[in-house]
Amino acid sequence: MLDWSEFRNPKIWRSGVHELFLMALYVLVSCGVTVWAVQVGGPVVSLNVGLGVFVTLTLFIMGSASVSGAHFNPLITWTAVWTRLCSVPRAIIYLFMHCVGALLGGALLRAACGEAVTNATKLGSWGFKPDIVTVGQAFCLEFFFSWSYVWITWGTAIDPKQQKVFGPVVGPICVALALGLNIYVSGGITEGFGGVGANPAKFLGVAVASGNYQEHWIPWI
């Protein structure tokens, strides 16, 4: 767990670089879905976002799990560390790459959307309406729905025992379905809340790109 010589292991760094580009592309596509859903509008924005993220996350996990484990989420990396399935040096490398990749993805999305769309949608960054939702409410929604997502992810994809049960196809589908469902429910349960983030690095990227840092500490806790 604390083998610092892993910082000199080129295989881990290659996996880290893979996580960087994976995160960049995931931010571009998944936040792009949110930008589209916000522009379309209507009463089911959170449903459209949830469905889009479900499809996106499923495909991204299936296409990259064999290379680096398909973390591209600090919550998943932290969970793997706490359950002794990921070493601390690997986690540090991954977390750094997640943040860099998210910043790259956010910059790409901003370039693709342009100034007007960026200002109108905030690139799908995490947030809530402070005149309707309090900081305490936002924290509770983010914390417990993120916990729900991590719990299901652990039970269907991370736990080695469960990997044998769900396999390389059903596991990713369950993980993505959990996130999509949590986004849909959390976005509809309280008016004014944009939906659970459950990926702090992802929203760091679009926060920097859009300039929307509203209570950005919440997704990290």
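FYI, it's all coordinate maths here, none of it is from the lab. Keep in mind that this is a model prediction, so the values were computed, not measured. We place every Cβ from the backbone using ideal geometry, glycine too, and count neighbours over all the protein chains shown.
In table form, for the structure just shown:
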{"item": "Scope the stretch 172-202; condition touching a strand residue (DSSP E or B) at 6+ places or on another chain (Cβ under 7 Å) and either in a loop (DSSP other than H, G, I, E, B) or closer than 15 Å to A65 by Cα (or both); matching residues", "result": "G192, G194"}
{"item": "Pair list, Cβ < 8 Å and 6+ apart or interchain, from the stretch 137-155 residues that are closer than 16 Å to P200 by Cα to residues that are acidic (D, E) and outside any helix (DSSP H, G or I)", "result": "A138/E215"}
{"item": "Test for P43: is it under 18 Å from P219 (Cβ atoms) and either of a type outside the set (D, E, K, R) or without any contact (Cβ under 8 Å) to a residue 40 or more places away in the chain (or both)", "result": "no"}
{"item": "Meets criteria (within 29 Å of G16 (Cβ to Cβ), over 16 Å from the mean Cα position of the chain (by Cα) and part of a helix (DSSP H, G or I)) for V169", "result": "yes"}
{"item": "Matching option when the condition is on the phi < 0 side of the Ramachandran plot, in contact with a Leu (Cβ under 7 Å, 6 or more places away or on another chain), in contact (Cβ under 8 Å) with a residue 12 or more places away in the chain and small (G, A, S), among S125, S186", "result": "S186"}
{"item": "Residue list for the stretch 123-166, filter: closer than 27 Å to V40 by Cα and among the basic types (K, R)", "result": "K129"}
{"item": "Matching option when the condition is surrounded by 14 or more Cβ atoms within 10 Å (Cβ to Cβ) and in a helix (DSSP H, G or I), among G114, G106", "result": "G106"}
{"item": "Residues of the stretch 177-207 classified as farther than 15 Å from W126 by Cα and either buried (at least 24 other Cβ atoms within 10 Å of the Cβ) or basic (K, R) (or both), total", "result": "0"}
{"item": "Only listed residue being in contact (Cβ under 8 Å) with a residue 60 or more places away in the chain and out of contact with any Pro (no Cβ under 7 Å at 6 or more places or on another chain), chosen from L95, L109", "result": "L109"}
